[in-house]
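Before any comments, here is the structure.
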Amino acid sequence: MDIEKLRSETPGLTHGIHLMACGSALAPQPVLNAVMAYLDLEAKVGGYEAHAQQAEMLDGVYESVARLIGAKRHEIAIMENATAAWCQPFYALPLKPGDRIITCQAEYAANYVAYLHRQKKDGIEIDVVPNDETGAMDLAALENLICDKTALITITWVPTNGGLVNPAAAVGAIARKHGIPYLLDACQAVGQMPVDVEALQCDFLSATGRKFLRGPRGTGFLYIREKWLQSMEPVALDHFSAPLVDSGHYAVREDARRFETWENSYALRAGLKVACDYAMAIGLEAIQQRAWRLAAELRQKLAGLPGCRIMDLGAEKCAIISFTIDGLDPQLAVHSLRTEGIAIGMTRPTSSLLDAEQRQLPVMLRVSPHYYNNEADLDACVAALKSLL
């Protein structure tokens, strides 16, 4: 990995230090070029005309996303964000009163709201798997919760509030053994680590473009395993997802694009395609190795600050770090470092409420280095925090 070349292709680094890949990473210049070139073309020839000229390139985004996660192109739908992608299969599954869904302690709040919504609307029940001694999802407890009413297993692979990596592939093996559909939120995983839907054995996977993948905001994608494409109909259709055959009939598309609608941002799709190709050219294994190593180094450096407590769980920790510093207000810290050109963030208990209540978590600081960061970035962040104590 040529770090200096990659840094030179990241224009945001000329404006400061960015340690928030888990929120919205800095896009590389090729992604920015793709978006801006497409917008420029639209401005010159018009939206429909630009699409006609670039149709082949735009269609390639499905192949790029499929390669990124080890899927087939017809199993991919491009969405405007990860939430829209995740909601499509969750709300399309025909859950009925008494059906039970299983989730994890570190589930993302937006997903849990949807569980409660279907509990209220459809009478489903929610089972939460406790953590094991490392803080990850307890696989034995998962097996014990499964019953004949279990209709879905749905978890977040990498939670938003720290470095935990849940055992997503092991969960997939359990789901497959019991014949239970498996929905995986990979929003924080895609782009910082290899993702292979066959190894994960998931039936559905959702992700965003803006985080570790370094794509544009307003992009996401959904993977739907081939076997579900004929049996799962979206909760809403238009004439793209289900073309009108005659005045009395429509025909739902046979591929995952049945979950898309006719209108979308083609400029952002162009950027998403380049982001996928860019990550694949570097190599996800190399990206994971460097990003996780930088995060491990930063954890050690932060732990040396007076009153600092690292709050990450799990035997395996990714490139997201959550921590508190006694006497230091997180909001003040984020603002103070921003004035010095250092971007960090914070995470509130409401973002992962079950985990926060279980561990009695306060508002925490959150930092997330990516492969384009270097040791000097880490040292500057730690020094800036130390100056506030």
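The values are calculated or read from the model by the stated rules, or taken from the named source; none is laboratory data. Source: prediction; values computed, not measured. Please note: Cβ atoms are built from the backbone with ideal geometry, for glycine as well, and neighbour counts cover all protein chains shown.
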key: Residue satisfying condition, being in a helix (DSSP H, G or I), of a type in the set (D, E, K, R) and not assigned by TED's automatic domain parsing to the domain that holds GLU226, within set ARG7, ARG67   = ARG7
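Matching residues to (1) in contact with a Cys (Cβ under 7 Å, 6 or more places away or on another chain); (2) more than 19 Å from GLN201 (Cα to Cα); (3) in the same structural domain as LYS211 (by TED's automatic domain parsing):
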position	(1), (2), (3)
THR134	no, yes, yes
MET137	yes, no, yes
ALA140	no, no, yes
ILE146	no, no, yes
THR150	no, no, yes
ILE155	yes, no, yes
VAL165	yes, no, yes
ALA168	no, no, yes
VAL171	no, no, yes
query = Which residue pairs have Cβ atoms under 9 Å apart, sit 6 or more places apart or on different chains, and have a first residue in region 285-309 that is assigned to a loop (DSSP other than H, G, I, E, B) and a second that is surrounded by fewer than 17 Cβ atoms within 10 Å (Cβ to Cβ) and among the acidic types (Asp, Glu)?
reply = PRO306/ASP326; GLY307/ASP326
inquiry  = Taking the condition of being surrounded by 22 or more Cβ atoms within 10 Å (Cβ to Cβ), touching a Pro at 6+ places or on another chain (Cβ under 7 Å) and in a helix (DSSP H, G or I), how many residues in region 78-108 meet it?
reply    = 1
request  = Give me a count of the residues in region 191-233 that are within 9 Å of the chain's Cα centre (by Cα) and not aliphatic (A, V, I, L, M).
outcome  = 8
message = I'm checking my understanding of the structure. Among residues of region 139-164 that are in a strand (DSSP E or B) and not polar (S, T, N, Q), which one is surrounded by the most Cβ atoms within 10 Å (Cβ to Cβ)?
response = LEU164
inquiry  = Criterion first (assigned by TED's automatic domain parsing to the domain that holds LEU229, assigned to a loop (DSSP other than H, G, I, E, B) and more than 22 Å from LEU298 (Cβ to Cβ)) does ILE180 satisfy it?
reply    = yes
key: Residue ID - surrounded by the fewest Cβ atoms within 10 Å (Cβ to Cβ), chosen from residues in region 318-341 that are polar (S, T, N, Q) and farther than 11 Å from LEU388 by Cα   = THR339
